[in-house]
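Data first, discussion second: the structure below is written as structure tokens.
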Amino acid sequence: MSSNKNLPKFIEGYGAVKPYAGPFVTAPLAHRYGPKLSSSKPGESKMVSNIKEVLEKSGIQNGMTISFHHH
């Protein structure tokens, strides 16, 4: 992908300028993985006895938001 625009080689406060070359040209610098997720196996129950147990198992902390799907 080429451009007819003249780009500066350096921008103060930003650094060296590298023109956009396409979505898959630059390889990622690191691999990131999400946390391990627990799941239930067929025949196992996800049911708990009360809402307190749900909150304890979820690991929710002060400031987090809980959202419920409803119709």
Return a yes/no flag: does the stretch 25-43 have any residue that is modelled with pLDDT of 80 or more, loosely packed, with under 10 Cβ neighbours inside 10 Å and either touching a Gly at 6+ places or on another chain (Cβ under 7 Å) or within 30 Å of N6 (Cβ to Cβ) (or both). yes
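Could you check the stretch 1-12 and list, in sequence order, the residues that are modelled with pLDDT of 80 or more and either part of a loop (DSSP other than H, G, I, E, B) or of a type in the set (D, E) (or both)?
Applying the first criterion (modelled with pLDDT of 80 or more) to the stretch 1-12 yields 6-12.
Matches in the stretch 1-12: N6, L7, P8, K9, E12.
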Going through the stretch 13-58 one residue at a time, which ones are of a type in the set (S, T, Y) and in a loop (DSSP other than H, G, I, E, B)? Y14, Y20, T26, Y33, S38, S39, S40, S45, S49
Could you please let me know if I60 is at pLDDT 90 or above and either over 27 Å from the mean Cα position of the chain (by Cα) or not aromatic (F, W, Y) (or both)? yes
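Give the residue, chosen from V17, V54, V25, that is β-branched (V, I, T) and touching a Pro at 6+ places or on another chain (Cβ under 9 Å). Steps first, please.
Numbers: V54 fails: touching a Pro at 6+ places or on another chain (Cβ under 9 Å); V25 fails: touching a Pro at 6+ places or on another chain (Cβ under 9 Å).
Criteria check complete, one pass: V17.
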For the stretch 46-66, pairs from a residue that is under 20 Å from K36 (Cα atoms) to a residue that is of a type in the set (S, T, N, Q), with Cβ under 7 Å and 6 or more apart or across chains, are K46/S40
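The values are calculated or read from the model by the stated rules, or taken from the named source; none is laboratory data. Please read all numbers here as calculations on a predicted model, not as lab measurements. Every residue, glycine among them, receives a Cβ derived from its backbone with ideal geometry; neighbour counts consider all protein chains shown.
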